[in-house]
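Accompanying notes for the structure given below.
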Amino acid sequence: MSVTIRTAAGLPDLGEQAAATVLARLQASTRPVLGVATGSSPLPLYQALARRRAELPPLRAFALDEYLGLPAGHPQSYREVVRREVTAPLGLDPAEVFVPDGGTNNPDRAAAAYEDTIRAAGGIDVQVLGIGSNGHLAFNEPGSPLDSRTRVVDLDASTRQANARFFASPEEVPYRALTQGLGTILEAKALVLMAAGESKAEAVERALCGPVTPELPASVLQLHPDVTVLLAEGANKLLPREAGANLK
Ligand code: GLP
């Protein structure tokens with residue numbers, strides 16, 4: 001593997017470092033495709049990219065995942081989150097921003113169609129990732145096959161609980177989602193993982209230093225040739241001291 005690990009001075013610095021990496025990848029591509037993640041971790045990146053939006057080439061964007069079964073236009077559907085946090089502030093063309101179809105009555109077909117759309121776009125140049133405190137990537141929960149593709153998944157109770165903070169009540173959090181698979185994510189040319197806070201420290205340490213196993217989905221990062229891990233606010237706390245530059 002080739003993992004570069006950097007620790008940021010705080011959230012704004014985390015965003016600036018991520019933006020520099022993402023912009024370099026997009027600018028180097030003839031047909032730039034950005035993979036976007038939801039959750040709170042990548043927000044400093046989107047804020048930094050919004051400040052530097054003049055430097056963004058015209059691009060396509062693909063979201064990692066989407067809840068199944070939320071009413072259309074629900075503010076916490078990832079379609080809405082991506083529109084609010086990414087498409088609008090970065091000035092992207094909404095017709096070039098794709099999110100799995102969480103309102104479909106045929107989610108298996110929607111999952112396969114999503115894979116086709118990514119492939120037709122030429123694949124993802126740089127995929128932004130957060131990490132769940134249970135080690136999930138996108139909505140690939142522990143137990144997800146390392147070669148999994150975009151598919152329907154059940155959310156872990158711990159994930160529903162963690163994401164309840166975004167909803168009016170915990171019962172409102174959907175039970176199922178569509179997510180890019182770990183195999184899909186590994187096909188992106190470059191990965192940028194962002195994590196902030198001590199609650200992520202154990203998952204980060206296990207992902208980067210532990211065995212590669214479906215029990216800790218983010219451990220697949222070790223199988224990718226081009227990963228940048230950007231950490232802030234204690235997310236690096238459990239990493240060995242020498243893990244500042246290149247881990248292996
Ligand atoms: C969600 C998303 C993931 C994200 C994770 C962590 O469950 N599906 O893509 O990485 O939460 O979220 P946060 O960054 O808010 O901690």
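Numbers for the structure displayed
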{"quantity": "Principal axis dimensions, largest first and in whole angstrom, of region 161-216 by Cα", "calculated": "36, 27, 21"}
{"quantity": "Calculated [θ] (222 nm, deg cm²/dmol) that DSSP helices of n ≥ 4 give over the chain, each run adding -39,500 (n - 2.57)", "calculated": "-7500 deg cm²/dmol"}
{"quantity": "DSSP beta bridge pairing in region 3-239, given as percent antiparallel to the nearest 5", "calculated": "25 percent"}
{"quantity": "Residue with peak Gaussian network fluctuation, the chain [Cα springs, cutoff 10 Å], from Ala63, Ala196, Ala54", "calculated": "Ala54"}
{"quantity": "Long-range HN-HN contacts of Arg176 with modeled amide H, under 5 Å", "calculated": "Leu68, Leu155"}
{"quantity": "Relative counts (whole %) of C-alpha pair distances in the chain, using bins that are 10 Å wide", "calculated": "8, 34, 39, 18, 1"}
{"quantity": "Solvent-accessible surface ranking, highest first, for Asp116, Asp13, Asp125, Asp108 at 1.4 angstrom", "calculated": "Asp108, Asp116, Asp13, Asp125"}
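The values are calculated or read from the model by the stated rules, or taken from the named source; none is laboratory data. Quick caveat, the model's predicted, so the values are computed rather than measured. For the accessible areas, the whole protein counts, side chains as well, though only heavy atoms, and no ligand, DNA or RNA atoms are used. Shrake-Rupley method; radii C 1.70, N 1.55, O 1.52, S 1.80 Å.
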